[in-house]
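Just so it is clear, none of the values below were taken in a lab; they were calculated from the coordinates. Model, not experiment: these values are computed from the prediction. Glycine also receives a Cβ, built like all others from the backbone with ideal geometry; neighbour counts cover every protein chain displayed.
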Amino acid sequence: MSKPEFVYVIYIQSTPQKVWDALLDPEMTKEFWGRYRNRSDWHVGSDWRHENYDDAAEVAVAGKVIESAPPHHLVLTWSRPADTENPDKVSRVRFTIEEFMGSVKLTVTHSELDEEMLRGISAGWPPILSSLKSLLETGASLPMTRRNWKKAR
Amino acid sequence: MPQSKPEFVYVTYIRATIDKVWEALTKPDFTRQYWFGFEQRSGWTKGASWQIVGQDGKIWDSGEILEIDPPRRVVISWTHQMKDELRAEGASRATYELEPVGDTVKLTIVHVGGPKLIEAVSGGWPQVLASLKSLLETGRPLERTGELPK
């Protein structure tokens, strides 16, 4: 039985380059990704980390860059930092950024998940991506996604 | 093991009031702008008929309102009418659920039905909902969503 996969498609009135930049620019991701940043040199084979914008030692997700073809394709492996060497706990995220009918079609495919991971990311991606869309279209992200989730508790 | 029916679930967060999102989802003046020129024609009460009608007056989908609790929830019996292979699958069931979350509305669409219909709406819903979100947040729907592509 193959592992579950989560696919989310969102259309954004923007350009592929702006969507690509928003996913990688710390000043932007902190606005829609719970005050986290994505740190890497983005070369294939390099490490990447999803870390607290205010505290680089606090890393929530880690992995490697599998594919990088700006501004259309980015593929990363994805796990908790403690699980990077455990294949059962490593999933894969593909960002596909295409022009479509005058706007941008962003597809996030999160695959190789177990049921627990699927539940977590199914709840996480929609507000993050909705907030990215608001940021690019209105200049402001959704306020609830600007705060560090952990500090909010 | 019995096979459960195909299902499409989509969640989006829109920075608007729940009343505004409900209005945009149900009123023809709004839907025509972001739903490719279509309107949902209904009295929006339990048991009322419901149709998706194109700009040319043709009925694309029809059914009835199964449950409704404005502005939070509506459940629609939805049968496609235009393409034979989709009509043959019979009635599908679409639920629109609205929940305030901070100063946004969490809008959840759950659509359950035959495989061909669900494949079709899986492509359509993200476009329609993205355009609805753009309309409410920026005052303009997404480009080229005001009418069916030629």
query = In the calculated pair distance distribution of chain B, what percentage of Cα-Cα distances lie above 25 Å?
reply = 24 percent
query = Remind me, relative contact order of region A:6-145 in percent, using alpha carbon pairs under 8 angstrom and six or more residues apart?
reply = 27 percent
ask   = What number, rounded to the nearest 500 deg cm²/dmol, is the helix-based mean residue ellipticity at 222 nm of chain A, given -39500 (n - 2.57) per DSSP H run of at least four residues and division by all its residues?
value = -8500 deg cm²/dmol
request  = Select from A:Thr109, A:Ser131, A:Ile121 the residue farthest towards the positive end of the dipole of region A:109-153; place +1 on Cβ of Lys and Arg, -1 on Cβ of Asp and Glu, and compute about the Cα centre.
outcome  = A:Ser131
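Do you know the Lys pair count in region A:6-145 for C-alpha distances under 15 Å, with sequence separation 8 or more or different chains? Walk me through the intermediate numbers first.
Numbers: A:Lys18/A:Lys105; A:Lys18/A:Lys133; A:Lys30/A:Lys133; A:Lys64/A:Lys89; A:Lys105/A:Lys133.
So the count works out to 5.
Which ordering of B:Thr95, B:Thr12 is given by a fewest-first count of other beta-carbon atoms within 10 Å? Numbers along the way, then the final one.
Details: B:Thr95 16, B:Thr12 24.
Exposure proxy ranking, most exposed first: B:Thr95, B:Thr12.
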query = ³J(HN,Hα) across region A:112-124 via Karplus (A = 6.51, B = -1.76, C = 1.60, θ = phi - 60°), whole Hz, x for Gly/Pro?
reply = 6, 9, 9, 4, 5, 5, 4, 4, x, 6, 5, 7, x
ask   = Taking H as built 1.01 Å from N, whose amide H comes closer than 5 Å to the amide H of B:Arg144, not counting residues under 5 places away?
value = none
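For A:127-134, what's the mean count of beta carbons from other chains sitting within 10 Å of each residue's beta carbon?
Values: counts 7, 1, 3, 12, 3, 0, 7, 8.
Rounded to a whole number, the mean comes out at 5.
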ask   = Under the Karplus relation 6.51 cos²θ - 1.76 cosθ + 1.60, θ = phi - 60°, what is the ordered set of whole-Hz ³J(HN,Hα) values for region B:67-80, x standing for Gly and Pro?
value = 8, 8, 8, x, x, 9, 7, 9, 10, 10, 8, 10, 10, 6
key: For residues of A:105-112, the mean tally of beta carbons on other chains within 10 Å   = 1
key: For region B:142-150, 3J(HN,Hα) per residue [Karplus equation, 6.51 cos²θ - 1.76 cosθ + 1.60, θ = phi - 60°, Hz, x = Gly/Pro]   = 4, 3, 6, 10, x, 7, 5, x, 7
remark   = Taking every residue of B:126-138, the Cβ atoms of other protein chains inside 10 Å of its Cβ average out to 5
ask   = For chain A, modelled as a Gaussian network with Cα springs under 10 Å, which listed residue fluctuates most, A:Asp88, A:Asp21, A:Asp47?
value = A:Asp88
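Size of the dipole of chain B about the Cα centre, Lys and Arg at +1 and Asp and Glu at -1 on the beta carbon, nothing else charged, in debye to 20? Intermediate results must be reported in sequence, preceding the final value.
Numbers: 19 positive and 20 negative charges, 25 e Å.
In total the dipole reaches around 120 debye.
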task = Sort out for me the Cα centre separation of region A:1-70 from region B:51-87, rounded to whole Å.
result = 38 Å
inquiry  = Just to confirm a number: summing +1 for Lys and Arg and -1 for Asp and Glu over residues other than B:Asp29 whose beta-carbon lies under 11 angstrom from that of B:Asp29, what do you get?
reply    = 0
key: Convex hull volume per residue in cubic angstrom - Cα atoms of chain A   = 111 Å³
ask   = Count the lysine pairs in region B:1-141 that are 8 or more places apart or on different chains: how many have C-alpha atoms under 23 angstrom apart?
value = 13
